[in-house]
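K.L.:
Pasting in a structure now, in structure tokens, and then I'll have a few things to ask.
The values are calculated or read from the model by the stated rules, or taken from the named source; none is laboratory data. What you see is a predicted model; the values in this text were computed from it and never measured. Neighbour counts are summed over all protein chains in view; Cβ atoms, including those assigned to glycine, are modelled from backbone coordinates with ideal geometry. For the accessible areas, the whole protein counts, side chains as well, though only heavy atoms, and no ligand, DNA or RNA atoms are used. Shrake-Rupley method; radii C 1.70, N 1.55, O 1.52, S 1.80 Å.
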Amino acid sequence: MIGLLVFIIFISEIQFAQTSTGTILFGKLEVKITGFENNEGDCRFAIDNSKEVYEREDTVWIGKILPIDSNQVIVVIDSIPYGEYAVKVFHDENKNGELDTDFLGIPDEDYGYSNDASGFFGPPSWEKAKFYFDKPEMKIAININ
């Protein structure tokens, strides 16, 4: 695809628990986010590495603001330790940094989660959205709506 932007995130200076053999295993994670109705605004991307971080509204493990190209975003995290993660994204069409909602609290902007998880009256649980990253290279897809 011509003009497709791919963002590579390099992670460094982060401490991680070691495996029982003393070796820390890292791999490359590619997240393809599709379903954007247009290229207006930004994609707000967050990946969390624990239930505690995932459930907080004021922090993320890694967060990025990314441009949308060809109605999609591809994020590549080049060096990520094996473990459990969950991804959440939303289309910040008006670039105000918030997931806009109507008077009932229903989102006006498209959003999505890893495993294409959905929740009932709120975001999906960590259990629904988490995935286990345990390969040298892994690709996941999220379709926002």
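K.L.:
Residues to consider are Val76, Val87; find the one that is in contact with a helix residue (DSSP H, G or I) (Cβ under 6 Å, 6 or more places away or on another chain), aliphatic (A, V, I, L, M) and either at pLDDT below 95 or closer than 20 Å to Asn143 by Cβ (or both).
P.N.:
Testing whether each residue is in contact with a helix residue (DSSP H, G or I) (Cβ under 6 Å, 6 or more places away or on another chain), aliphatic (A, V, I, L, M) and either at pLDDT below 95 or closer than 20 Å to Asn143 by Cβ (or both) leaves just Val87.
K.L.:
Then there is this: With the requirement that a residue be within 11 Å of the chain's Cα centre (by Cα) and in a loop (DSSP other than H, G, I, E, B), what does segment 116-130 give you?
P.N.:
Answer for segment 116-130, where residues must be within 11 Å of the chain's Cα centre (by Cα) and in a loop (DSSP other than H, G, I, E, B): just Lys130.
K.L.:
Condition (residue is modelled with pLDDT of 95 or more and part of a helix (DSSP H, G or I)) applied to segment 95-115: is it met by at least one residue?
P.N.:
Within segment 95-115, one or more residues are modelled with pLDDT of 95 or more and part of a helix (DSSP H, G or I).
K.L.:
Restricting attention to segment 120-144, which residues are in contact with a Cys (Cβ under 9 Å, 6 or more places away or on another chain) and either open to solvent by 50 Å² or more (accessible area, probe 1.4 Å) or modelled with pLDDT under 95 (or both)?
P.N.:
Here is the first cut: in segment 120-144, the ones in contact with a Cys (Cβ under 9 Å, 6 or more places away or on another chain) are 144.
Across segment 120-144, there are no qualifying residues.
K.L.:
Within the bounds of segment 40-57, is there any residue that is at pLDDT below 95, part of a loop (DSSP other than H, G, I, E, B) and more than 22 Å from Glu137 (Cα to Cα)?
P.N.:
Yes, that holds for at least one residue.
K.L.:
Which of the residues belonging to segment 31-58 are open to solvent by 30 Å² or more (accessible area, probe 1.4 Å) and in contact with a Pro (Cβ under 9 Å, 6 or more places away or on another chain)?
P.N.:
Asn39, Asn49, Glu55
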